[in-house]
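> I'd like to ask some things about the structure below.
The values are calculated or read from the model by the stated rules, or taken from the named source; none is laboratory data. Worth saying up front: this structure is predicted, and the values here are computed from it rather than measured. For neighbour counting, all protein chains shown are included, and Cβ atoms are generated from backbone atoms with ideal geometry for every residue, glycine included.
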Amino acid sequence: MEIVSLVSATLTLAGLVLAIVEARRARVASISAENAAKAARDASLRSAAVLDLSATIKALSEIKSLHRAAALEVLPARYEALRHSLTAMRQVRLFSETDVQKSMQSLITRLAGIERIIDQGVTVEDFKSQVPRINAQITRAMDDMQAVMVVVAHQGVKL
């Protein structure tokens with residue numbers, strides 16, 4: 001009878017050790033799955049941010065062309081749409097760095113200033129005389145957004 005009790009206690013202890021080992025493996029697997037989900041979520045956010053920045057750069061390029069054509073009637077709507085897009089992008093944590101925030105705010109301010117000039121009734125001739133200066137500012141903003149896009153695209157990438 002004592003042998004049966006000893007074997008039973010040994011098997012119980014072995015079962016307990018096996019349960020602990022399996023619980024530890026499950027915990028490690030759970031942590032790995034959580035890390036993988038976080039990495040996938042971050043990659044998805046980065047991809048969306050890169051697409052948003054790419055669309056912003058394209059919109060700025062189109063705005064430069066509209067400046068050259070002095071298409072004053074369509075420009076305010078373009079500025080407004082782009083400002084709203086930039087304001088929304090500034091809320092994304094990928095754009096939380098101070099330099100990035102400053103670049104985006106500077107562009108928002110520039111667009112609002114240009115829109116104000118048009119809303120005040122600038123003549124086509126006066127506007128055309130300001131296009132080189134305005135487009136130079138837009139080009140600098142495009143360069144800033146391109147730099148931000150490269151940084152965001154490569155965040156978390158290990159070389």
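> Which numbered condition trips up Gln91, out of (1) closer than 20 Å to His154 by Cα; (2) in a helix (DSSP H, G or I); (3) of a type outside the set (A, V, I, L, M, F, W, C)?
(2)
> Among the residues of segment 125-159, write down those that are of a type in the set (Val, Ile, Thr) and at pLDDT 90 or above.
Selection gives Val131, Ile134, Ile138, Thr139.
> Next question. Give the residue, chosen from Ala55, Ala59, Ala81, that is without any contact (Cβ under 8 Å) to a residue 40 or more places away in the chain and more than 18 Å from Val152 (Cβ to Cβ).
Criteria check complete, one pass: Ala81.
> Condition first: farther than 30 Å from Lys128 by Cβ, at pLDDT below 90 and not in a helix (DSSP H, G or I). Can you find one or more residues in segment 1-23 that meet it?
Yes, segment 1-23 contains a residue that is farther than 30 Å from Lys128 by Cβ, at pLDDT below 90 and not in a helix (DSSP H, G or I).
> Taking the residues in segment 106-132 that are among the small types (Gly, Ala, Ser) and more than 30 Å from Gln155 (Cα to Cα) as candidates, determine which candidate is surrounded by the fewest Cβ atoms within 10 Å (Cβ to Cβ).
The residue in question is Gly121.
> Right, another one. What is the one condition in (1) assigned to a helix (DSSP H, G or I); (2) surrounded by fewer than 13 Cβ atoms within 10 Å (Cβ to Cβ) that Ser103 does not satisfy?
Every listed condition holds for Ser103 apart from (2).
> Within segment 53-100, can you find the residues that are among the polar types (S, T, N, Q) and crowded, with 19+ Cβ neighbours inside 10 Å?
Thr56
> Please state which of the following conditions Ser8 fails to meet, knowing it meets all the rest: (1) surrounded by 10 or more Cβ atoms within 10 Å (Cβ to Cβ); (2) within 30 Å of Gln155 (Cα to Cα); (3) among the polar types (S, T, N, Q); (4) free of Cβ contacts under 8 Å to residues at least 12 places away in the same chain.
Only one criterion in (1) surrounded by 10 or more Cβ atoms within 10 Å (Cβ to Cβ); (2) within 30 Å of Gln155 (Cα to Cα); (3) among the polar types (S, T, N, Q); (4) free of Cβ contacts under 8 Å to residues at least 12 places away in the same chain is unmet by Ser8, namely (2).
> Within segment 24-52, restricting attention to residues that are under 30 Å from Arg133 (Cα atoms) and touching a residue at least 60 places away in the same chain (Cβ under 8 Å), which residue is surrounded by the fewest Cβ atoms within 10 Å (Cβ to Cβ)?
Of everything passing the filter in segment 24-52, Val50 is surrounded by the fewest Cβ atoms within 10 Å (Cβ to Cβ).
> Scan segment 100-130 for residues that are under 27 Å from Met89 (Cα atoms) and touching a His at 6+ places or on another chain (Cβ under 9 Å) and jot them down.
Here is the first cut: in segment 100-130, the ones under 27 Å from Met89 (Cα atoms) are 100-119.
Matches in segment 100-130: Ile114 only.
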